[in-house]
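The values are calculated or read from the model by the stated rules, or taken from the named source; none is laboratory data. None of the values given here were measured: they were computed from a predicted structure. Note that each Cβ is placed from the backbone with ideal geometry, even for glycine, and that neighbours are counted across all protein chains shown.
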Amino acid sequence: MASQELVTAGWVLITLYLIMTLWFVIRGARSTKSIADYAVGSIAFSPVAVGLSLAASMTSAATFIINPGFVAYYGISGIISMAIMLPLGALISLVIFTKGFKKVGNAIKALTMAQWIGARYNNKAFATFFAFLSLLLITFVVLICVGLTKVLSGMLNTPETYTLLAIVAVIFGYMMFGGANSMVYTNMIQALLMIIVAVVLLTSGLDHFRDGINGFMDKLAAIDPLLVKPLNEQSPLFRDLFEVVFCQIVVGIAIVCQPHIITKSLLLKSDGDVNKFLVTGIVVEVLFFFVVAAGLYARIAFPDLTIAGETIGVDGIISAYVVQEFTVAVGLLVIMGLISAGISTLEGLIQSLSTTVTADILLPVFFKNRKENVPVPEVFINRLVIVGLALLAFFFSYRQLMAPDLSVGIFAQNGVYAYFSAAFIPVLFGTFVKNVRLIVPVAGAITAVVVHFSVYYGRLTPYMQEGVRNPGVAAALAICSSVLVSLLIHAVVRTRNNAPSKTTVNA
């Protein structure tokens with residue numbers, strides 16, 4: 001329970017935060033005249049600003065709010081998995097993919113991931129398939145909404161249901177107007193605040209190191225010896241090297257193939273800006289990924305994972321730690337950083353999802369046969385789509401608040417991992433291979449979706465036999481299967497006929 005002083009100060013700070021955000025939204029809305037302006041902006045952005053926007057979007061409420069809870073529950077194995085192995089794959093992949101993706105995206109004038117894939121392979125049906133598949137990202141939206149609800153309700157002492165309703169109404173409401181023109185600037189401010197908060201969280205437990213690293217480890221081991229082991233065989237996510245190392249690196253490599261991450265490069269107006277953009281994003285991102293280590297401090301603060309006799313869930317660990325351990329001033333700063341971590345990614349998801357549904361599903365269906373001189377109300381339709389996404393987000397978020405499967409993180413990973421597992425081969429081949437038959441990316445995408453959901457829901461492999469299943473295992477197997485199938489088909493097709501045909505795509 002937050003003190004009255006924290007509650008009052010929290011309301012003041014939230015109000016100021018919203019006023020600042022709305023100022024940027026209004027400023028951006030004035031420059032948003034079309035769906036293209038909403039998707040990639042009409043303003044020339046600084047590469048540093050876009051890099052900070054990338055870091056803010058790539059690091060979400062999962063990294064700052066949810067994942068530290070896993071570390072508090074399962075210890076060092078969670079840090080190795082989520083702060084070292086996954087970022088290793090993700091950041092290397094980001095560098096490799098960005099320049100090629102931007103080059104192709106600029107050439108075909110793509111606004112969304114689905115458009116990029118459809119134009120690259122010259123197939124509208126394939127684009128539509130990915131547009132519908134992108135709806136899986138609503139699970140990530142739910143994760144962020146739940147994370148924000150936990151933090152805000154803890155700070156303001158408000159009921160979770162009403163807090164969730166306010167979050168969805170406000171954030172989805174202002175995202176109906178600004179789009180990319182305002183999002184880059186709000187993300188930049190959010191990233192700067194997140195940098196400060198990351199440093200505060202990572203240094204908040206320095207007192208525990210008075211006797212060195214060994215002394216810190218001894219404190220954790222006294223609570224539970226498994227907390228200091230690199231593998232935690234009693235956890236549902238970090239049991240062995242396959243889960244902690246292999247799966248996380250594979251998932252990390254493919255994780256950049258999400259619309260709100262990889263399409264950030266399309267905001268850059270010049271190819272010369274790419275290096276500054278990448279350096280800024282990667283340096284800041286490394287700091288953000290290590291924030292999960294604060295979960296160890298939280299476990300020392302709550303050794304039995306309870307507060308006032310009640311068990312603290314995975315999703316509520318970090319907010320409980322902040323409210324109990326920090327002064328009002330520092331606690332407010334940290335909470336605003338946690339909120340920024342969620343809002344920054346939520347804005348990116350709303351922008352990319354609504355643009356995809358509008359431009360790649362609704363407009364091609366309902367305005368396919370319009371006359372050239374008949375204007376299409378693109379921006380208005382996009383706003384209606386955002387209203388629909390808000391209703392879906394509230395419904396699923398409410399369910400996760402009432403009955404989570406250990407953590408909303410599991411729910412989100414299952415949907416998001418399925419999406420980027422399917423997107424990996426189309427992006428990989430579309431970026432780096434010049435002559436690709438359509439069957440190659442199609443087979444790869446379908447294989448990934450089928451394998452992922454078959455492994456997860458069919459409880460295939462020994463890793464899927466527990467009550468809580470690890471979506472990372474399903475995703476890693478899906479990605480590997482997709483790569484093998486696609487390479488095999490590509491090799492067979494090239495052997496049979498090296499000559500391009502009408503279903504061959506040339507970069």
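For segment 10-54, the set of residues classified as within 16 Å of VAL274 (Cα to Cα), at pLDDT 75 or above and small (Gly, Ala, Ser) consists of SER46, ALA49, GLY51, SER53, listed by residue number.
Number of residues in segment 457-486 that are over 21 Å from CYS257 (Cα atoms) and not aliphatic (A, V, I, L, M): the value is 10.
Take GLY309 and decide whether it is at positive phi, at pLDDT below 90 and of a type outside the set (Lys, Arg). Steps first, please.
On the way: at positive phi: yes; at pLDDT below 90: yes; of a type outside the set (Lys, Arg): yes.
So GLY309 passes the test.
Find the residue count for segment 260-306, including only residues that are basic (Lys, Arg), crowded, with 18+ Cβ neighbours inside 10 Å and modelled with pLDDT under 85. Please lay out each step first, then the result.
Step one: list which residues in segment 260-306 are basic (Lys, Arg), which gives 264, 269, 276, 299.
When the remaining residues are screened for being crowded, with 18+ Cβ neighbours inside 10 Å, the result is 264, 299.
Restricting the remaining residues to those that are modelled with pLDDT under 85 gives 264.
Counting residues in segment 260-306 that are basic (Lys, Arg), crowded, with 18+ Cβ neighbours inside 10 Å and modelled with pLDDT under 85 gives 1.
Please verify whether segment 425-439 includes one or more residues that are in contact with a Leu (Cβ under 7 Å, 6 or more places away or on another chain), at negative phi and touching a residue at least 40 places away in the same chain (Cβ under 8 Å). No.
For segment 64-73, state whether one or more residues are in a helix (DSSP H, G or I), modelled with pLDDT under 80 and aliphatic (A, V, I, L, M).
Our first condition is that a residue be in a helix (DSSP H, G or I); within segment 64-73, this holds for 64-73.
If we keep only those that are modelled with pLDDT under 80 as well, we get none.
Scanning segment 64-73 turns up no residue that is in a helix (DSSP H, G or I), modelled with pLDDT under 80 and aliphatic (A, V, I, L, M).
On the basis of being surrounded by fewer than 24 Cβ atoms within 10 Å (Cβ to Cβ), of a type in the set (Phe, Trp, Tyr) and over 30 Å from ALA474 (Cβ atoms), does PHE246 make the cut? Spelling it out, it is not the case that PHE246 is surrounded by fewer than 24 Cβ atoms within 10 Å (Cβ to Cβ), of a type in the set (Phe, Trp, Tyr) and over 30 Å from ALA474 (Cβ atoms).
Any chance segment 472-491 includes a residue that's closer than 24 Å to TYR74 by Cβ, out of contact with any Phe, Trp or Tyr (no Cβ under 6 Å at 6 or more places or on another chain), modelled with pLDDT under 95 and not acidic (Asp, Glu)? Scanning segment 472-491, I find at least one residue that is closer than 24 Å to TYR74 by Cβ, out of contact with any Phe, Trp or Tyr (no Cβ under 6 Å at 6 or more places or on another chain), modelled with pLDDT under 95 and not acidic (Asp, Glu), so the answer is yes.
Where helices (runs of 4 or more DSSP H) fall wholly inside segment 315-399, the ranges with 2 or more residues that are among the small types (Gly, Ala, Ser) and either surrounded by 20 or more Cβ atoms within 10 Å (Cβ to Cβ) or at pLDDT below 80 (or both) are 317-325, 328-356. Pairs meeting the criteria (first residue in segment 62-75 and farther than 11 Å from GLY316 by Cα, second residue in a helix (DSSP H, G or I) and aromatic (Phe, Trp, Tyr), beta carbons under 7 Å, at least 6 apart or on different chains) are THR63/PHE288; THR63/PHE289.
Checking the condition farther than 18 Å from SER3 by Cα and not small (Gly, Ala, Ser), which residue from VAL334, VAL314, VAL323 passes? Step through it out loud before you land on a result.
Numbers: VAL334 fails: farther than 18 Å from SER3 by Cα; VAL323 fails: farther than 18 Å from SER3 by Cα.
The unique qualifying residue is VAL314.
Here is a yes/no grid of residues against (1) in a helix (DSSP H, G or I); (2) at pLDDT below 90; (3) of a type in the set (A, V, I, L, M, F, W, C); (4) within 24 Å of ARG383 (Cα to Cα):
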{"site": "GLY105", "(1), (2), (3), (4)": "yes, yes, no, no"}
{"site": "ALA119", "(1), (2), (3), (4)": "yes, yes, yes, no"}
{"site": "PHE129", "(1), (2), (3), (4)": "yes, no, yes, yes"}
{"site": "ILE138", "(1), (2), (3), (4)": "yes, no, yes, yes"}
{"site": "GLY154", "(1), (2), (3), (4)": "yes, yes, no, no"}
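Taking segment 427-446 as the range and being surrounded by fewer than 17 Cβ atoms within 10 Å (Cβ to Cβ) and under 28 Å from the mean Cα position of the chain (by Cα) as the test, the residues that pass are PHE432, VAL433, ILE446.
Every residue, every condition in (1) modelled with pLDDT under 90; (2) crowded, with 24+ Cβ neighbours inside 10 Å, yes or no:
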{"residue": "TYR162", "(1), (2)": "no, no"}
{"residue": "ALA166", "(1), (2)": "no, no"}
{"residue": "ALA169", "(1), (2)": "no, no"}
{"residue": "TYR174", "(1), (2)": "yes, no"}
{"residue": "GLY178", "(1), (2)": "yes, yes"}
{"residue": "SER182", "(1), (2)": "yes, yes"}
{"residue": "ILE189", "(1), (2)": "yes, no"}
{"residue": "MET194", "(1), (2)": "yes, yes"}
{"residue": "VAL199", "(1), (2)": "no, no"}
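Every condition in (1) surrounded by 18 or more Cβ atoms within 10 Å (Cβ to Cβ); (2) closer than 30 Å to ASP304 by Cα; (3) modelled with pLDDT under 95 is met by CYS257 except one, and the failing one is (2). SER482 passes every criterion in (1) under 26 Å from SER265 (Cα atoms); (2) out of contact with any Gly (no Cβ under 8 Å at 6 or more places or on another chain) apart from (2).
Identify, from the list LYS150, LYS99, LYS103, the residue that is closer than 24 Å to GLY331 by Cα and among the basic types (Lys, Arg). Explain how you work it out, then say what you get.
Working: LYS99 fails: closer than 24 Å to GLY331 by Cα; LYS103 fails: closer than 24 Å to GLY331 by Cα.
The match here is LYS150.
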